[in-house]
Amino acid sequence: MRAAPTSRLVGFMAGGVLALVLLAPTPLVGAQATPQPTLPVIPKPEECRVAPRPLPLFSTDAATATPVMTPGPLPTPFAASGALADAATTAAITATVRESLACRNAGELRRAYALLTDGMLAHLFGNEAGIPPEVQEALADPVRKLPRAARLELLSVSDPVVLPDGRVAARVETRSDGLIYADDLIFTKVGDHWLIDEAIPAGRKTE
């Protein structure tokens with residue numbers, strides 16, 4: 001059975017151009033940490049350099065994996081959940097988020113999914129059969145860049161901490177269409193790269 005869609009940052013649907021999904025948003029509350037010095041930024045499509053995830057999306061192991069259900073928003077500040085991440089780790093997870101948004105702005109769905117773990121894909125779709133038709137169509141479509149006015153902006157990556165299991169959590173704020181969205185993202189290191197392993201919507205607000 002397919003798990004419920006998670007955050008706006010990693011859920012997709014097709015509708016002329018690729019849009020991001022947010023279900024059951026909650027009010028965005030609580031103080032946010034100071035954004036990274038290079039933020040805010042609207043990632044450019046040409047910043048999407050990761051190799052595209054091959055089709056089919058699910059490997060044999062991933063296709064039979066049990067989706068991991070997330071418990072809900074993490075506490076803010078995340079410092080209560082673990083030790084603060086060092087500067088190098090913070091820069092690395094910020095780079096992952098920035099490239100993920102660049103791939104979305106480029107309309108490069110397969111490249112965007114390459115920045116998710118197999119477990120995150122299993123949480124989104126369950127298995128290959130659970131991928132909605134509109135997403136399957138978008139995967140097969142030629143690349144279509146989002147118009148400049150519709151591109152997603154990265155505002156901040158706040159309170160990055162190392163969790164007891166070695167993964168890293170951070171709150172990420174993005175903006176589009178006059179709305180600011182917050183997501184609690186959890187990253188895991190696969191080889192030399194940090195990938196998005198869980199994503200939990202933490203709220204939205206109007207500008």
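For an R0 of 30 angstrom, estimate the FRET efficiency from the Cβ-Cβ distance between ALA91 and ALA129 and round to the nearest 0.05. Working from the Cβ atoms, E equals 0.20.
Legend: calculated FRET efficiency, ASP192 to LEU39, from the Cβ-Cβ distance at R0 = 25 Å, rounded to 0.05, equals 0.60.
If we count every other residue with Cβ under 14 angstrom of ALA169's Cβ, Lys/Arg +1 and Asp/Glu -1, where does the sum land? Local net charge: -3. Lys and Arg at +1, Asp and Glu at -1: add these up for the other residues within a Cβ distance under 13 Å of THR188 and post the number. That sum, taken over residues with Cβ under 13 Å, equals -3. Cross-link partners of LYS145 among lysines, defined as those whose alpha carbon lies under 18 angstrom from its own and excluding same-chain residues fewer than eight positions apart: LYS44.
Any read-out appearing in this document is the output of simple, stated calculations on the displayed coordinates, not a laboratory observation. Note that the structure is predicted; figures quoted are calculated from it, not measured. Here the Cβ is made from the backbone with ideal geometry for all residues, glycine too, and neighbour counts use every protein chain on show.
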